[in-house]
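Step one of this worksheet: look at the structure below.
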Amino acid sequence: MTDSGARSAMPPPSEGLGRAMSPQRRPFWKRNAPKVPGRSVQASPIRENLKDQKPRKTLSFQDFEDNTSDAWDDAEDEIIALSEAKLSFENLLPVSVNHGKTASTNQASLPQRLEEVTGENTVPVTGDFPSQQASSTGKSEEVSSVSRQKEDTTESGDWSVPQSESRPNPPSRLSRQLGRACSDDKSLSEREGAKLKKVNEFIAGPNTDLDALKKMVWSGVPREARPTVWKLLSNYLPANVERRCMMLERKREEYFRFVKQYYPSRTQDNHVETWRQIQVDIPRMNSQLPFFRQSSIQEIYERVLFIWAIRHPASGYVQGINDLVTPFFVVFLSEYTDLDVITEDFDASQNLEEKALNSIEADCFWCLSKLLDGIQDNYTFAQPGIQLKVNALRELVKRIDAPLHAHLEAHMVEYLQFAFRWMNNLLMRELPLRCTIRLWDTYLAEPQGFSTFHLYVCAAFLIKWRKDLLRERDFQGLMLHLQNLPTIHWGDDEIGLILAEAYRLKYMFADAPNHLNQKKPT
């Protein structure tokens, strides 16, 4: 067979290398290509530009790369995109532009023209470039340089750069990432705006359906609507919109009657121990946030906690209750200011009127009372509610993750040693305040959210760290990790994953609650 006949019998490049080589001589990367996920042979757009070229006798590794697409290799895709731009660019430019610049000017303006050809920061191609005013000398040298670059590109399938030149950074990946981020932010803002509008319309109706509202806000409450929604879901505000203003006014007046009646007794012998413990705990609370170190804010906490303790003598004040005031305070404060006290400096005494502070204080007292009514056995003598929940957590983890449970048991780690604080403070010491607020959106929307559902959240939270815990090989390492969990940078996404897992666990055991209460055989 003649040489031309051999070339005519050769399969076109778009058919891949499988038919061009025997299986024994086929390169390693081709023999194993079908086993690699995401790799598929497809027609290369470069081949369309090269269809008038004579077929070559041999096929190189670069030909294989031209005919394949790697799902995981963005850098290679960008090089191919640059190659396509280089091949087709000369055909797009007017003749006067092609032959009116020196070689150095042509290279200097290439990144700008690549943007025009590839569509990144697209500019209409009119033939008028800033470098068009360059001298017309050296035209033949320019034409020969472009021709040589074309030949190099045809042979290698890549954009060839002279040794003295550095390849310009392709703008396509960064531009795509920035565009995608802006698009995500815009779509997220649109979703939040639509949800806020829907929630506001719903709670502004004549009678708010609380069950429907809970389903609507289970996945989070928009910041602007959160104060009203929390008051509704705490059963502090009535569902009837016409009664709300009257109810708020009456409850706030009632609270300050309690202050007038009980607060002066804080120094009496029968209350002095309660008062002393409150004064010890409050300065420790959220000490990393300057806002909570202000004397006017600490005085509000003192009154709220002391009045609650006096009106609930069965439990009285217990360490940890002071933390539960904070989410309510931050949320209700947002009704009166757009500043975020978690991240910004805010002087309450200078920026808020006394009437606003009084309203926030009363609302915090009543909503805290509603919350603690559902978990009051957590704070009675010996705290039996917490002990029951810790034991339930132990049984739950034993069933859903036996290796982790066995690892903790083997190293003598008792659940009470780390989970007591999780139950007593509702994970507030383990999570940033912004995450606690998002968590409470769901707790308020869940039936028995602060008691039953919190158990499943704690289980999901523990399982989250299973890999790190299984790597620890002694009691000290396990306890240090459990008491210093790295959640400082968490946000809504991480809390959403924990809540989703907790929801799944809840419905796995919802129809078999006795599984969590089985007694050990005697």
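The values are calculated or read from the model by the stated rules, or taken from the named source; none is laboratory data. In this text, all values refer to a predicted model and were calculated from it rather than measured experimentally. Cβ sites come from the backbone with ideal geometry, for glycine too, and all protein chains shown count toward neighbours. To get the accessible areas, we keep the full protein, side chains included, count just its heavy atoms, and leave off ligands, DNA and RNA. Shrake-Rupley method; radii C 1.70, N 1.55, O 1.52, S 1.80 Å.
Miscellaneous remarks
- Residue that is farthest from residue 418 (Cα to Cα) [pool: residues in segment 471-485 that are free of Cβ contacts under 8 Å to residues at least 40 places away in the same chain and surrounded by 12 or more Cβ atoms within 10 Å (Cβ to Cβ)]: 477
- From the list 463, 437, the lone residue that is open to solvent by less than 20 Å² (accessible area, probe 1.4 Å), farther than 26 Å from residue 313 by Cβ and assigned to a helix (DSSP H, G or I) is 437.
- Every residue from segment 358-377 that is in a helix (DSSP H, G or I), within 33 Å of the chain's Cα centre (by Cα) and not acidic (Asp, Glu): 360, 364, 365, 366, 367, 368, 369, 370, 371, 372, 374
- Among all residues of segment 497-511, there is at least one that is aromatic (Phe, Trp, Tyr), outside any loop (DSSP other than H, G, I, E, B) and modelled with pLDDT under 95.
- Unmet requirement for residue 237, which otherwise passes all of (1) outside any helix (DSSP H, G or I); (2) surrounded by fewer than 16 Cβ atoms within 10 Å (Cβ to Cβ): (2)
- Residue in segment 349-366 that is at pLDDT 95 or above and either in contact with a strand residue (DSSP E or B) (Cβ under 8 Å, 6 or more places away or on another chain) or over 20 Å from residue 295 (Cα atoms) (or both) present: yes
- Residue in segment 494-503 that is under 30 Å from residue 211 (Cβ atoms), of a type in the set (Phe, Trp, Tyr) and either touching a strand residue (DSSP E or B) at 6+ places or on another chain (Cβ under 8 Å) or open to solvent by 20 Å² or more (accessible area, probe 1.4 Å) (or both) present: yes
- Listed by first and then second residue, the pairs with beta-carbon distance under 6 Å, at least 6 apart or on different chains, first residue in segment 421-437 and without any contact (Cβ under 8 Å) to a residue 60 or more places away in the chain, second part of a helix (DSSP H, G or I) and open to solvent by 10 Å² or more (accessible area, probe 1.4 Å), are 423/389.
- Those residues of segment 299-338 which are open to solvent by 40 Å² or more (accessible area, probe 1.4 Å) and farther than 20 Å from residue 427 by Cβ, in sequence order: 299, 303, 311, 313, 314, 335, 336, 338
- Scanning segment 199-229 for residues that are more than 20 Å from residue 242 (Cβ to Cβ) and in contact with a helix residue (DSSP H, G or I) (Cβ under 7 Å, 6 or more places away or on another chain) yields a total of 9.
- Against the criterion of being at pLDDT 95 or above, surrounded by fewer than 18 Cβ atoms within 10 Å (Cβ to Cβ) and of a type outside the set (Lys, Arg), residue 447 does not qualify.
- Filtered residue count, segment 296-333, keeping only those that are free of Cβ contacts under 8 Å to residues at least 40 places away in the same chain and polar (S, T, N, Q): 1
- Restricting segment 186-217 to residues that are outside any helix (DSSP H, G or I) and open to solvent by less than 60 Å² (accessible area, probe 1.4 Å), the residue that is farthest from residue 331 (Cα to Cα): 205
- Residue that is most open to solvent (accessible area, probe 1.4 Å), among those in segment 240-282 that are closer than 22 Å to residue 319 by Cα and of a type in the set (Ser, Thr, Tyr): 267
- For segment 395-413, a residue qualifies if it is open to solvent by 40 Å² or more (accessible area, probe 1.4 Å) and either modelled with pLDDT under 95 or part of a helix (DSSP H, G or I) (or both), and the qualifying residues are 398, 399, 400, 402, 403, 406, 409, 410.
- Any hit, segment 448-461, residues being farther than 25 Å from residue 370 by Cβ and among the hydrophobic types (A, V, I, L, M, F, W, C): yes
- Counting the residues of segment 378-394 that are open to solvent by 20 Å² or more (accessible area, probe 1.4 Å), part of a helix (DSSP H, G or I) and of a type outside the set (A, V, I, L, M) gives 5.
- Scan of segment 342-357 for residues that are in contact with a helix residue (DSSP H, G or I) (Cβ under 7 Å, 6 or more places away or on another chain) and open to solvent by 10 Å² or more (accessible area, probe 1.4 Å), ordered by number: 342, 345, 346, 349, 357
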